[in-house]
Amino acid sequence: MPPRVAPVIHQQPDPDSIYYVHPSEGPNSVTVTPLLTGPNYLAWNRSMKRALGTKNKFVFIDGSVPIPPLDDLNRNAWERCNNLILSWIINSVSPQIAQTIVFHESAIDVWIELQERFSKVDRIRVASLRSSINNLKQGDKSVLDYFTEIKSLWEELNSHRPMPMCTCPYPCRCESMRAARDFRMEDQVIQFLTGLNDSFSVVKTQVLLMDPLPSINKVYSMVIQEESNIIPPTSLASNEDSSILVNASDARKPFLRAWFS
């Protein structure tokens, strides 16, 4: 009788495994934009963490996964993931920075180096952000554009000045963190209202008289409603119709001149 051969069992890959790589993923699967240039490190760092987290690969750069020994069964899988993450990071930095890390062999080493080089608190940038926020005015911008601009400044400033962590035993009893968050929210509400045009003076007064102040998103919603009352959609439509008529009139002028000449 021929020798019995054990059947080959094809084990299905586990999508939840940190070593799992989807067949469609490659060196160009992850690119964070805008690219890291140095001053934008904090925003880039947050975006890169999210990108790696969605791929279940952030554990390779936070120290959670040690490098397996050469004879470990997971060594090849680790090498593949490490090289993949290296490619993702290199593709997400400026060409000048990429030249300084392209010869590194470990993704975690690259991550730590970028952190050491660019994560220092930039007090000059903090001062610039505070000045930009305090001096920002709505001007001829819509409420949406104005709010988007000031909110992006808040987000960047908060990345330089994150909320401190509470050191109380759980649950917190000092209420200091809640007070700090409330103060920050009130500052944002006041800054947002201060930069609005004078046509919003009524809603600005209404908000500032509220106790407690509503959230910044609620205030934005109130201002948007007021904007719709100040600038009715019909006026916008009439302006568009007028511009169309003017353009049509201008287009007929050469023909009229040619006819009567």
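The values are calculated or read from the model by the stated rules, or taken from the named source; none is laboratory data. Bear in mind that the values here come from a model prediction, so they are computed numbers and not experimental data. All Cβ positions, even for glycine, are placed from backbone atoms using ideal geometry, and neighbour counts span all protein chains on display.
If you take the residues of region 96-133 that are closer than 20 Å to GLU149 by Cβ and of a type in the set (Lys, Arg), which of them is modelled with the lowest pLDDT?
Step one: filter region 96-133 for residues closer than 20 Å to GLU149 by Cβ, giving 125-133.
Within this subset, residues satisfying the condition of being of a type in the set (Lys, Arg) are 125, 130.
Numbers: ARG125: 85, ARG130: 95.
Checked region 96-133; the qualifying residue modelled with the lowest pLDDT is ARG125.
Taken over region 35-61, the residue count meeting the criterion of being out of contact with any Ser or Thr (no Cβ under 9 Å at 6 or more places or on another chain), farther than 19 Å from ASP109 by Cα and not in a helix (DSSP H, G or I) is 2. Considering (1) part of a helix (DSSP H, G or I); (2) surrounded by 15 or more Cβ atoms within 10 Å (Cβ to Cβ); (3) assigned by TED's automatic domain parsing to the domain that holds LYS204, the lone condition that CYS166 does not fulfil carries the number (1). Evaluating LEU144 against the criteria (1) surrounded by 14 or more Cβ atoms within 10 Å (Cβ to Cβ); (2) at pLDDT 95 or above; (3) aliphatic (A, V, I, L, M) leaves one unmet condition, (1).
Consider VAL32 carefully, then state whether it is surrounded by 13 or more Cβ atoms within 10 Å (Cβ to Cβ), over 15 Å from the mean Cα position of the chain (by Cα) and of a type outside the set (Gly, Ala, Ser). Considered against the rule, which asks whether it is surrounded by 13 or more Cβ atoms within 10 Å (Cβ to Cβ), over 15 Å from the mean Cα position of the chain (by Cα) and of a type outside the set (Gly, Ala, Ser), VAL32 comes out as no. Answer yes if at least one residue in region 191-207 is surrounded by 13 or more Cβ atoms within 10 Å (Cβ to Cβ), farther than 30 Å from ASP140 by Cβ and in the same structural domain as LYS218 (by TED's automatic domain parsing), and no otherwise. Within region 191-207 (the criterion being surrounded by 13 or more Cβ atoms within 10 Å (Cβ to Cβ), farther than 30 Å from ASP140 by Cβ and in the same structural domain as LYS218 (by TED's automatic domain parsing)), the answer is no, since none of the residues qualifies. For region 6-26, the criterion of being modelled with pLDDT of 90 or more and within 30 Å of VAL126 (Cα to Cα) is met by none of the residues.
Does GLU113 fit the bill of being more than 30 Å from ARG181 (Cβ to Cβ) and in a helix (DSSP H, G or I)?
Details: more than 30 Å from ARG181 (Cβ to Cβ): yes; in a helix (DSSP H, G or I): yes.
In short, yes.
With respect to ILE133, determine if the residue is at negative phi and in contact with a strand residue (DSSP E or B) (Cβ under 7 Å, 6 or more places away or on another chain). No; evaluated as a whole, the condition is false for this residue. For region 60-74, the criterion of a residue being without any contact (Cβ under 8 Å) to a residue 60 or more places away in the chain, under 21 Å from GLU156 (Cα atoms), out of contact with any helix residue (DSSP H, G or I) (no Cβ under 6 Å at 6 or more places or on another chain) and not charged (D, E, K, R) is satisfied by no position.
The set of residues in region 62-77 being outside any helix (DSSP H, G or I) and either polar (S, T, N, Q) or not assigned by TED's automatic domain parsing to the domain that holds VAL110 (or both) consists of SER64, ASN74.
Within region 89-105, count every residue that is closer than 20 Å to ALA51 by Cβ, surrounded by fewer than 15 Cβ atoms within 10 Å (Cβ to Cβ) and polar (S, T, N, Q). Write out each step before concluding.
Applying the first criterion (closer than 20 Å to ALA51 by Cβ) to region 89-105 yields 89-95, 97-98, 101-102, 104.
Next cut, surrounded by fewer than 15 Cβ atoms within 10 Å (Cβ to Cβ) only: 94-95, 102.
With polar (S, T, N, Q) added as a condition, the list becomes 94.
Qualifying residue count for the region: 1.
The requirement of being over 20 Å from PRO34 (Cα atoms), assigned to a loop (DSSP other than H, G, I, E, B), in contact (Cβ under 8 Å) with a residue 12 or more places away in the chain and aliphatic (A, V, I, L, M) is fulfilled somewhere in region 126-147, by at least one residue.
Among the residues of region 86-109, how many are within 16 Å of SER47 (Cβ to Cβ) and in a helix (DSSP H, G or I)? Total meeting the criteria: 4.
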